[in-house]
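Note sheet for the following structure.
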Amino acid sequence: MACFFRRSVALQLAKVCGVSEDALIPLISAVPVSKKKASADLRVSVISLLRSGAAADGDLQTQTQALANQIRPDAVVEEAVAGRGVIHFRLNKLTLAQKLLGQLLSEPDGFGVNSELLRHLQGGRTLVEFSSPNIAKRFHAGHLRSTIIGNFIANLKKALGKEVIRVNYLGDWGMQFGLLGAGFERFGSQEKLRTQPLEHLFEVGRSERLVCVWTCSSCVCVCVCVQVYVRVNREADGDPSVRPAAAEFYRRLVRREAQALQLWTQFREITVLEYKRIYQRLGVDFDHYSGESAHDGQTQSVLDELRTKHLLKTTEKGTGVVDLSVTGDMSSYATLVRSDGTSLYITRDVAAALDRKQRFGFDEMIYVTDKSQTVHFQQLFHILTAMGHQWAERCHHVAFGLVQGMSTRRGEVVFLEDVLEEARSRMINNMRQSTTSKVLEDPEQTAERVGISALIIQDFKGPLMSDYKFDWDKVLQTQGDTGVFLQYTHARLCSLLRRHASEPYSCSDVSPLMDSRSVSVLQHLLRYDEVLLQSANDLQPRHLVNFLMTLSHLVASAHRELPVKGSPAATAQARLCLFSSVRSVLANGMRILGITPVEKM
Ligand code: ARG
């Protein structure tokens, strides 16, 4: 609906600057609401008008003034005012309220997402690969970030009209499973595997880091790994047979030898079952669980293709590499095959990308992992492009930073389950202490939902690339820009609407909403589609988070100052209409972020 207003302004502008209405629409944006003074509703930068072909004489300010002067007020656009290099437009507030609330009441779920501004994003198929934990290991903070960020991207794309395929690409192959398998054959117990599956695998698999020494190339990583290696070796009593045993087990796996494969299948199934339980708590699900193992068998044909295309070179050490340097001097390269003929992480990724393109025919593919894998994905896209796959241009890596200090009361090492437990128990405590808490049918579930929203908002507030320090107390505050505050605002609106549920209302008379608080809320709602566009363009959730926070602050003050109870019928109805509209925008925005709104707390 914001489009109706943008179009009205564009119509006026088109007349004075000779640029088509359609070209003008994306240049017009809503003015952020200012607390101090009444602001205009829409604005356009004159530089952007000139760039699109508008012509006027004089310096920028003279041109701005001249263009603004030519705008003829009409029933929708009441005034055009020249600012510094921008033209501000004031809209008729009654029309603003009528149009916005009318649409929100008739089609709450289409608000914003069906905007003309977003139409070019509709259609097509997006594959989002996210979460992607490693089997036989427990989920850590990085996987939690990938899970919630990927879920947000998938939700957003879906809301904007794309067909979305959600893929979880498990780390279920590679030399580390050699170690795990060999370890299990020595120290493992089927009994424990049945009763305490993940704990047990984790215990046996701890020595798996040994493998890093062979595969890492970065110096820092080698140092860290060497420490682990030394420790592990000490732990294993310097047993020299560990390494060969691990390599042997992995070879058996690669050869698909029944016994080894059966053990590995067991590890995988146990882990996936555990993960699915956690995903359910987070409200996340996947269309496909795939993994590195599914593509190991395709790596040979990838290597063959690379060879035929003269892209694969054999080094003196016997490894197979692809030269990624600009000048062909091997100053940068990727190793795709080890000297013993086994594939690597990147080889499986090339195979997986080709396979996905063929199976799913995606138009774009998005990978979500922490920033330590940035180079890996650059190399992957580079190789795909070199192989002649132009669609590699439409493959993107969304990278995120590290979370520091996400420890729980139980200790330093944090697993996702512990984090969820911690969030829930802290929330339960906070709710018990709060005087405003409602009697809930299922306090545990509410606490969990609110706790998870707190984690999500904390994570989404800043640029995804930034590392951030995790602080439980800050995360769970009711005041300030937290997930708890969003949930609280939503629950309060629900409670208000419940209290007046027996009074039917329509949005036919919006004239009681001409006070500054209501107008600010309406003006802010005008921005929703722009904010969705911003988040869709850079895949950063913070634009949407900020929008919802401001919306919550504005509605909190409206709620305080604009009572429903005791007001004349027409005013009460109009206010209910406003509050119910805000509630639906809030809930829809929260859902895109991956948050389940609660109705009571
Ligand atoms: N399993 C990997 C890890 O935990 C992440 C996988 C990312 N996806 C990919 N296609 N490489 O580090």
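The values are calculated or read from the model by the stated rules, or taken from the named source; none is laboratory data. For clarity, every value in this text was computed on a predicted model and none was experimentally measured. A quick note on method: Cβ atoms are made from the backbone with ideal geometry, for glycine too, and the neighbour counts reach across all protein chains shown. SASA here: full protein model, heavy atoms, side chains in, ligands and nucleic acids out. Shrake-Rupley method; radii C 1.70, N 1.55, O 1.52, S 1.80 Å.
Just the residues that are assigned to a loop (DSSP other than H, G, I, E, B) and more than 22 Å from the chain's Cα centre (by Cα), please, taken from the range 577-601.
Glu599, Lys600, Met601
Is the range 483-505 home to any residue that is in contact with a Cys (Cβ under 8 Å, 6 or more places away or on another chain) and either assigned to a loop (DSSP other than H, G, I, E, B) or at pLDDT below 95 (or both)?
There is at least one residue in the range 483-505 that is in contact with a Cys (Cβ under 8 Å, 6 or more places away or on another chain) and either assigned to a loop (DSSP other than H, G, I, E, B) or at pLDDT below 95 (or both).
State yes or no: is Leu533 in a helix (DSSP H, G or I), open to solvent by 30 Å² or more (accessible area, probe 1.4 Å) and in contact with a Phe, Trp or Tyr (Cβ under 9 Å, 6 or more places away or on another chain)?
No: the conditions fail for Leu533.
Could you pull out the residue among Thr327, Thr342 that is over 23 Å from Ala399 (Cα atoms), at pLDDT below 95 and open to solvent by 40 Å² or more (accessible area, probe 1.4 Å)?
Thr327
If you take the residues in the range 131-176 that are touching a Gly at 6+ places or on another chain (Cβ under 6 Å), open to solvent by less than 20 Å² (accessible area, probe 1.4 Å) and farther than 24 Å from Met465 by Cα, which one is nearest to the ligand (Cβ to nearest atom)?
Asp172
Among the residues of the range 47-70, write down those that are touching a residue at least 24 places away in the same chain (Cβ under 8 Å), open to solvent by less than 40 Å² (accessible area, probe 1.4 Å) and more than 25 Å from Tyr528 (Cβ to Cβ).
Hits for the range 47-70 are Ala54, Ala56, Leu67.
Of the residues in the range 540-576, how many are assigned to a loop (DSSP other than H, G, I, E, B) and more than 17 Å from the chain's Cα centre (by Cα)?
The number of residues fulfilling the criteria is 7.
For the range 250-297, name all the residues that are more than 19 Å from Met175 (Cα to Cα) and at pLDDT 90 or above.
Lys276, Tyr279, Gln280, Arg281, Leu282, Gly283, Val284, Asp285, Phe286, Asp287, His288, Tyr289, listed by residue number.
Tell me which residues, restricted to the range 382-403, are surrounded by fewer than 19 Cβ atoms within 10 Å (Cβ to Cβ) and of a type in the set (A, V, I, L, M, F, W, C).
Ala386, Met387, Trp391, Ala392, Ala399, Leu402, listed by residue number.
So Arg209 clears everything in (1) at pLDDT below 75; (2) away from the ligand (no atom under 16 Å from the Cβ); (3) more than 18 Å from Arg252 (Cβ to Cβ) except one condition, right? Which one?
Single failed check for Arg209: (2).
Restricting the search to the range 280-297, which residues are part of a loop (DSSP other than H, G, I, E, B), touching a helix residue (DSSP H, G or I) at 6+ places or on another chain (Cβ under 8 Å) and away from the ligand (no atom under 13 Å from the Cβ)?
If the condition is that a residue be part of a loop (DSSP other than H, G, I, E, B), touching a helix residue (DSSP H, G or I) at 6+ places or on another chain (Cβ under 8 Å) and away from the ligand (no atom under 13 Å from the Cβ), then Gly283, Val284, Asp285, Phe286 are the ones that fit.
Across the range 356-370, what is the number of residues that are away from the ligand (no atom under 12 Å from the Cβ) and crowded, with 16+ Cβ neighbours inside 10 Å?
4
I'd like the residue in the range 88-110 that is open to solvent by less than 10 Å² (accessible area, probe 1.4 Å) and under 24 Å from Ser584 (Cβ atoms) and, out of all such residues, is nearest to the ligand (Cβ to nearest atom).
If we take residues in the range 88-110 being open to solvent by less than 10 Å² (accessible area, probe 1.4 Å) and under 24 Å from Ser584 (Cβ atoms), then Gly110 is nearest to the ligand (Cβ to nearest atom).
How many residues does the range 286-321 contain that are open to solvent by less than 70 Å² (accessible area, probe 1.4 Å) and in contact with an Asp or Glu (Cβ under 7 Å, 6 or more places away or on another chain)?
Result for the range 286-321: 5.
Out of all the residues in the range 15-44, which are more than 31 Å from the chain's Cα centre (by Cα) and either surrounded by fewer than 18 Cβ atoms within 10 Å (Cβ to Cβ) or in contact (Cβ under 8 Å) with a residue 60 or more places away in the chain (or both)?
Lys15, Gly18, Ser20, Glu21, Lys36, Lys37, Ala38, Ser39
Looking at (1) open to solvent by less than 40 Å² (accessible area, probe 1.4 Å); (2) within 26 Å of the chain's Cα centre (by Cα), which is the only condition Gly283 fails?
(1) is the only condition that Gly283 fails.
Does at least one position in the range 420-442 carry a residue that is under 20 Å from Gly150 (Cβ atoms) and more than 18 Å from the chain's Cα centre (by Cα)?
yes
Could you list, in sequence order, the residues of the range 317-373 that are without any contact (Cβ under 8 Å) to a residue 12 or more places away in the chain and assigned to a helix (DSSP H, G or I)?
If the condition is that a residue be without any contact (Cβ under 8 Å) to a residue 12 or more places away in the chain and assigned to a helix (DSSP H, G or I), then Gln358, Arg359, Ser372 are the ones that fit.
Six or more apart or on different chains, Cβ under 6 Å: which pairs go from a residue in the range 104-129 that's of a type in the set (D, E, K, R) to one that's not in a helix (DSSP H, G or I)? Could you list them?
Going by the 6 Å Cβ cut-off, the qualifying pairs are Arg125/Glu163; Arg125/Phe362; Arg125/Asp363; Glu129/Val167; Glu129/Tyr169; Glu129/Tyr367.
Here is a list of conditions, (1) part of a strand (DSSP E or B); (2) under 21 Å from Met175 (Cβ atoms), and His397 meets all of them except one; can you say which number that is?
Among (1) part of a strand (DSSP E or B); (2) under 21 Å from Met175 (Cβ atoms), the lone unmet condition for His397 is (2).
Could you please give the count of residues in the range 74-89 that are over 20 Å from Gln63 (Cα atoms) and not β-branched (Val, Ile, Thr)?
3
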